[in-house]
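J.: Sharing a structure, written as structure tokens. Questions coming.
Read-outs throughout are calculated quantities, based only on the coordinates presented, and are distinct from any laboratory measurement. Remember, predicted model here, so these are calculated numbers, not experimental data. Neighbour counts are summed over all protein chains in view; Cβ atoms, including those assigned to glycine, are modelled from backbone coordinates with ideal geometry.
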Amino acid sequence: MSSHQQTPADRPNVLIAGPLPPDLVARLDAGYETVKLWQESDRSAFLARHGSRFDVLATSGVFGADAALMKQLPNLRLIASFGVGTDPIDLAEAGARGVQVTNTPGVLNPCVADAALGLLLGLARRIVVADHAVRAGEWTAGRRQLGTSLKGKVCGIVGLGGIGREIAHRVSACGMHVVYHGPRPKSDSPYPYYASLVDMARDADVLILSLPGGTATHHLVDATVLHALGPAGMLVNVARGSVVDESALVEALTQRTLGGAALDVFENEPHVPPALLSLDNVVLTPHIGSGTTETREAMSQLVLANIAAYAAGRPAVSPV
């Protein structure tokens with residue numbers, strides 16, 4: 001991203017793109033001149049009149065920042081994003097405009113990895129199905145629902161970055177054998193590398209997705225990969241919904257050519273394919289991978305630190 005020099009902006013004008021966590025919004029309100037864009041009835045008209053006031057955009061992986069928005073903010077100098085994913089932010093446009101982009105990497109890795117393990121255990125041990133059985137007074141029926149042991153199974157991790165490595169530690173503790181796929185092998189990784197995702201899916205019992213979204217990974221997990229994973233295979237996605245061909249996934253799950261899936265993300269959030277809702281071989285959560293009090297606070301602190309650094313003319317704390 002741009003390496004332009006920051007100049008102090010004592011009290012930046014901050015445009016808040018969408019409803020970020022209330023405590024973060026409150027702290028932004030306390031420290032800066034802020035406007036909440038989502039509360040404007042006619043956003044385009046508001047930006048046409050006032051867009052030049054703002055030098056900071058506070059956003060997230062949900063709300064992003066596209067080229068059209070940046071063009072309405074001619075004096076924008078910093079995009080501070082709450083979250084690690086940058087696929088909804090037009091980084092090329094930001095770079096061309098000399099706009100620094102920051103995110104909140106690292107601090108969410110352990111909790112997203114915890115969520116991945118929780119989803120995997122929930123799916124493999126049929127915890128959600130068993131919970132429903134107990135609530136329905138079907139104790140005996142619930143006990144007949146046998147799960148799958150993770151010990152000795154092969155876990156293929158797609159994307160061995162910070163989150164992927166944390167996932168590897170956790171599934172290894174469950175007795176799984178870790179292999180991984182990515183654009184290139186990691187020289188410091190002790191795990192076997194697969195250049196071919198299809199080959200890894202064929203050899204794996206579980207695929208866990210922890211790769212970035214964006215055009216380069218769009219529908220990377222397609223019908224061919226799902227077929228290779230097979231009728232006993234399990235898919236866990238804590239990455240982005242866009243990395244999976246969702247229509248192919250729904251078909252594989254309904255036809256039972258894939259054993260099961262545990263999904264925290266979807267292609268068109270918050271829309272979840274209705275066909276998934278009645279299946280007992282899926283676990284569904286509403287994009288809560290980083291959703292712990294501790295992690296969200298650490299993410300908020302990074303957003304605030306990046307804006308404070310900009311205001312003081314210092315380098316960004318966590319530049320993209």
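J.: Roughly what % of DSSP beta bridges within region 109-284 run antiparallel, to the nearest 5?
T.: Antiparallel bridges make up about 5 percent of those DSSP assigns within region 109-284.
J.: Under 10 Å, Cα contacts only: if you run a Gaussian network model on the chain, which one of Ala141, Ala298, Ala92 comes out with the highest mean-square fluctuation?
T.: Looking only at Ala141, Ala298, Ala92, the largest GNM fluctuation is found for Ala141.
J.: Can you give the angle from 0 to 90° between the axis of helix 162-173 and the longest principal axis of the chain, with both taken from C-alpha atoms, to the nearest 10?
T.: The two axes meet at around 30 degrees.
J.: On to the next question. Work out the length of the dipole vector of the chain about its Cα centre, built from +1 on the beta-carbon of each Lys and Arg and -1 on the beta-carbon of each Asp and Glu, and round it to the nearest 20 debye.
T.: The dipole of the chain has a size of about 440 debye.
J.: Any idea what angle helix 22-31 forms with the longest principal axis of the chain, computed on alpha-carbon atoms, 0 to 90 degrees, nearest 10?
T.: On a 0 to 90 degree scale, this one is about 20.
J.: Within the chain, what is the longest stretch that has no GluC sites (Glu not before Pro) placed in a DSSP loop and near at most 16 other beta-carbon atoms within 10 Å? Before the final figure, lay out each step's value.
T.: On the way: sites that count: Glu40, Glu138.
For GluC sites (Glu not before Pro) (loop position, at most 16 other Cβ atoms within 10 Å), the longest site-free span of the chain is 139-320.
J.: Where nothing but the Cβ of Lys and Arg (+1) and of Asp and Glu (-1) is charged, how large is the charge dipole of region 109-284 around its Cα centre, in debye to the nearest 20?
T.: 580 debye
J.: Counting only helical runs of four or more DSSP H residues, what would the 222 nm mean residue ellipticity of the chain come to if each run contributes -39,500 (n - 2.57) and the total is spread over all its residues?
T.: It lands at -10500 deg cm²/dmol.
J.: How far is the Cα center of region 179-218 from the Cα center of region 70-119, in Å?
T.: 23 Å
J.: For the chain, which semi-axes, largest first and in whole Å, follow from the square roots of 5 times the eigenvalues of its Cα gyration tensor?
T.: Sorted largest first and rounded, they come to 39, 21, 18 Å.
J.: Taking amide H atoms as placed 1.01 Å from N in the peptide plane, list the residues 5 or more away in sequence, or in a different chain, whose amide H sits under 5 Å from that of Val178.
T.: Under 5 Å from the amide H of Val178: Cys155.
J.: From the backbone phi of region 99-104, what are the Karplus-calculated ³J(HN,Hα) couplings (6.51 cos²θ - 1.76 cosθ + 1.60, θ = phi - 60°) in whole Hz, Gly and Pro given as x?
T.: Karplus-based 3J(HN,Hα) across region 99-104 equals 9, 6, 10, 10, 9, 10 Hz.
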